[in-house]
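Report on the structure given below.
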Amino acid sequence: AICRAKLIGNQLVDVKLLYKAEGNSTKGQHFGSRLQFDNNGKLFFAIGDRGNRDKLPQDLTLDGGKIYRINDDGSIPKNNPYADKEGYKPEVWSYGHRNQQGLVVTKEGLVIAHEHGPKGGVELNIIQPGKNYGWPAITYGVDYSGAVISPFTEHPDMEQPVKYWVPSIAPSSMILYSGDMFPSLKNDLLISALKPGDVRQLKFDEDEVVSESIIISEFGRIRHIAEAPDGSLLLLTDQRRKKGKLIRISAVSEDS
């Protein structure tokens, strides 16, 4: 579910439900939940396949395995691709997704998402309205047991990722860096990863990834990355059996 509320002191007030996905699941995987506003106040959000890959991602009448777009009051934008299609979920923006862990909307309105593949097949996609991103009909990964999920990696009616990783890097979050503290990162994607644990810088040329660099690798599993108002980077580590840390990375000034 997606809710909005006002934070007054240390309390949430005026709580309003914006969207409730139908078909409650008790499964503990593939939540795929990320939120991102565009410059027009439209809210994009993701729901993973919830461990039901064979039913949800390819069915536009069901929730799960999709990216959605709504107005900030929960209403449906009239130009959503399925807003006027009877029986379809009118909030859906794209479908055929597995477990989306990174979501960015650029100033120009470009929607970029990454998602976990199974064993391999992690994808970075430019998300277009109404497009099918293939899961599980096409994939570059295999099941964790080694079993084949699909023998196909391409389909004429399904989108190809702009980049994929085999083996998996287990991506966990993503930002488009806009600060001035690190000029070499400006306007590039920064992806945090759990396996083996790093932050990657991706440079784009229109819709093509032209370079990838690992810029941070000394902290282990990175669960989340964020940009602070001053342009420094905030990393949240995930050490499983150890205590995770919140780490701030800033440029060293000449006076320090």
Within segment 128-147, the residues that are in contact with a strand residue (DSSP E or B) (Cβ under 6 Å, 6 or more places away or on another chain) and aliphatic (A, V, I, L, M) are 142
Which condition does residue 85 not pass, out of (1) in contact with a Ser or Thr (Cβ under 7 Å, 6 or more places away or on another chain); (2) surrounded by fewer than 24 Cβ atoms within 10 Å (Cβ to Cβ); (3) of a type in the set (Lys, Arg), if it passes all the others?
(1)
Of the criteria (1) over 26 Å from residue 141 (Cα atoms); (2) surrounded by 20 or more Cβ atoms within 10 Å (Cβ to Cβ), which one residue 64 fails
(1)
Here are some conditions: (1) without any contact (Cβ under 8 Å) to a residue 24 or more places away in the chain; (2) part of a loop (DSSP other than H, G, I, E, B); (3) exposed (fewer than 11 other Cβ atoms within 10 Å of the Cβ). Residue 22 meets all but one. Which one does it not meet?
(1)
Is segment 109-122 home to any residue that is outside any strand (DSSP E or B) and of a type in the set (D, E, K, R)?
no
Restricting attention to segment 46-61, which residues are out of contact with any strand residue (DSSP E or B) (no Cβ under 7 Å at 6 or more places or on another chain), crowded, with 19+ Cβ neighbours inside 10 Å and farther than 14 Å from residue 88 by Cα?
49, 50, 53
Given the residues 43, 60, 7, 35, which is the only one that is more than 20 Å from the chain's Cα centre (by Cα) and within 30 Å of residue 107 (Cβ to Cβ)?
7
Tell me the strands (runs of 3 or more DSSP E) entirely within segment 146-211 that contain at least 1 residues that are in contact with a Pro (Cβ under 9 Å, 6 or more places away or on another chain) and of a type outside the set (Asp, Glu).
163-165, 189-193, 198-205
Kindly check whether there is at least one residue in segment 99-108 that is assigned to a loop (DSSP other than H, G, I, E, B) and free of Cβ contacts under 8 Å to residues at least 12 places away in the same chain.
yes
When segment 101-149 is examined, which residues are found to be surrounded by 21 or more Cβ atoms within 10 Å (Cβ to Cβ) and either at positive phi or charged (D, E, K, R) (or both)?
115, 121, 123, 134
Selection within segment 200-217 - among the acidic types (Asp, Glu) and under 14 Å from residue 174 (Cβ atoms):
212
I'd like to verify a number: residues in segment 172-212 that are open to solvent by less than 50 Å² (accessible area, probe 1.4 Å), more than 26 Å from residue 29 (Cα to Cα) and not aliphatic (A, V, I, L, M), how many?
6
For segment 188-199, pairs from a residue that is over 16 Å from residue 234 (Cβ atoms) to a residue that is among the small types (Gly, Ala, Ser) and open to solvent by less than 10 Å² (accessible area, probe 1.4 Å), with Cβ under 6 Å and 6 or more apart or across chains, are 194/172
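The values are calculated or read from the model by the stated rules, or taken from the named source; none is laboratory data. This one's a predicted model, so the numbers in the text were calculated from it and none came from an experiment. Cβ coordinates were reconstructed from backbone atoms using ideal geometry, including for glycine residues, and neighbour counts include every protein chain displayed. The area values use the complete protein model at the heavy-atom level, side chains included, leaving out ligands, DNA and RNA. Shrake-Rupley method; radii C 1.70, N 1.55, O 1.52, S 1.80 Å.
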